[in-house]
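Have a look at the structure below, then the notes.
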Amino acid sequence: IPCFALTSPEAGSDAGSIPDYGVVCKGEWEGKEVLGMRLTWNKRYITLAPVATVLGLAFKLRDPEGLLGEKEDLGITCALIPTDVKGVEIGNRHFPLNVPFQNGPTRGKDIFVPIDFIIGGEKMAGQGWRMLVECLSVGRGITLPSNSTGGIKSAAMATGAYSRIRRQFKQPIGHMEGVEEPLARLGGNAYVMDAASNLTVAGIDLGEKPSVISAIV
């Protein structure tokens, strides 16, 4: 069961400001000296973290000893870390908005893993930003627009129904101009969001990665 750990207490949508880091070094792994990384992270609000067996971790990678080349600051990198690696911590489950989907924090301090744990291997060190954009464009293109559309449809349904049964001056308040206008805006916005959500999902279904559209929506 995978989870993707990007958000930290200090950085949410601004992925470029994540403080989590890794340092390229040599260390012992399963009785052998290998090239690897020492990782330190503190993530929060991670979907599926409480039940995950594999942690997709985003962090900034540094190579002060030049073991991978001349560049010291390699940039954002993504790696797959088994959650049973010694030192990996999964905190108490979050319960935001009473949503039943599993959500929680994860932490690790000075944990050594082989360089091969980088997604795509050593050659993909520092290529995490592109991975993040492509991954989030799909995830956000489905989850956020559909959630927003469901919310505004529910609001339109509940508000419209209440405006029919709530009466003043011997008529439903939904017949009054001061209520009709905001109800019309609410219904119109619901149609707009539904269309935008369908457009984004259709693009993803065709194999596209609509990062711009999903960011707008």
*Taking Glu134 and the conditions (1) touching a strand residue (DSSP E or B) at 6+ places or on another chain (Cβ under 6 Å); (2) farther than 30 Å from Lys32 by Cα; (3) among the acidic types (Asp, Glu), which numbered condition does it fall short on, given that it satisfies the others?*
(1)
*For segment 134-143, does any single residue satisfy the condition of being under 22 Å from Ser197 (Cβ atoms), basic (Lys, Arg), assigned to a helix (DSSP H, G or I) and within 12 Å of the chain's Cα centre (by Cα)?*
yes
_Any pair with Cβ under 7 angstrom, 6 or more apart, that starts in segment 78-89 at a residue that is assigned by TED's automatic domain parsing to the domain that holds Trp29 and ends at one that is in a loop (DSSP other than H, G, I, E, B)_ = Cys78/Ile119; Ala79/Ile119; Leu80/Ile119; Ile81/Val88; Pro82/Thr53; Thr83/Ala52; Thr83/Thr53
*State which residue pairs qualify: first residue closer than 12 Å to Asn92 by Cβ and inside segment 40-52, second residue buried (at least 23 other Cβ atoms within 10 Å of the Cβ) and not small (Gly, Ala, Ser) in any location, beta carbons under 7 Å apart, and separation of 6 or more residues or different chains.*
Ala49/Cys3
_Residues that are charged (D, E, K, R) and loosely packed, with under 15 Cβ neighbours inside 10 Å, drawn from segment 123-157_ = Lys123, Arg130, Glu134
*Could you pull out the residue among Phe169, Phe112 that is modelled with pLDDT of 95 or more and aromatic (Phe, Trp, Tyr)?*
Phe112
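The values are calculated or read from the model by the stated rules, or taken from the named source; none is laboratory data. Just so you know, these numbers come straight off a predicted model, no measurement behind them. Neighbour counts run over all protein chains shown; Cβ positions are idealised from the backbone, glycine included.
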